[in-house]
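The values are calculated or read from the model by the stated rules, or taken from the named source; none is laboratory data. From a predicted model like this one, the values you see are computed outputs, not experimental measurements. As a convention, Cβ positions derive from the backbone with ideal geometry for all residues, glycine included, and neighbour counts pool all protein chains shown. With ligands, DNA and RNA removed, areas are computed over all heavy atoms of the protein, side chains included. Shrake-Rupley method; radii C 1.70, N 1.55, O 1.52, S 1.80 Å.
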Amino acid sequence: MLEQFVPFIGLIIFGNIENLILASQGVVQGVNPKILGGLSIIVVIIWLFIGTVATSVAIQYSSYITFIGGLAIVILGIQSVHGAVRNLRAAKRGENNGQS
């Protein structure tokens, strides 16, 4: 039974990384961590259900799905780092203005 999920190992790993990146973005934006955690768990359960039901259909497209998932992770990672750097710079400017 687990053999059918082997082509999706990369996507499973990417999905976990994506979840961490999205959580990081939420923290940077000041979202309530309890709400963010609850929504994250709901989304993971939905994806688990979709993945379990749709695996037989999606198995023929696993390489494309993994590529698109990896690309999404890279884009979200860049977006997350960009937002964090922008917030750090804004905070640093605010500290410098307060000291002058």
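Numbers at a glance
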item: Test for SER62: is it without any contact (Cβ under 8 Å) to a residue 60 or more places away in the chain and closer than 21 Å to ASN19 by Cβ; result: yes
item: Out of SER56, SER63, sole residue that is small (Gly, Ala, Ser), loosely packed, with under 15 Cβ neighbours inside 10 Å, over 25 Å from ARG86 (Cβ atoms) and at pLDDT below 75; result: SER56
item: Only one of GLY38, GLY70 that is surrounded by fewer than 16 Cβ atoms within 10 Å (Cβ to Cβ) and small (Gly, Ala, Ser); result: GLY38
item: Residue list for the range 9-24, filter: under 17 Å from GLY83 (Cα atoms) and among the aromatic types (Phe, Trp, Tyr); result: none
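Okay, residues lined up against (1) within 24 Å of VAL81 (Cβ to Cβ); (2) of a type in the set (Asp, Glu); (3) in contact with a helix residue (DSSP H, G or I) (Cβ under 9 Å, 6 or more places away or on another chain); (4) open to solvent by 70 Å² or more (accessible area, probe 1.4 Å):
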position: PRO7; (1), (2), (3), (4): no, no, yes, no
position: GLY26; (1), (2), (3), (4): yes, no, yes, no
position: VAL31; (1), (2), (3), (4): yes, no, yes, no
position: LYS34; (1), (2), (3), (4): no, no, no, yes
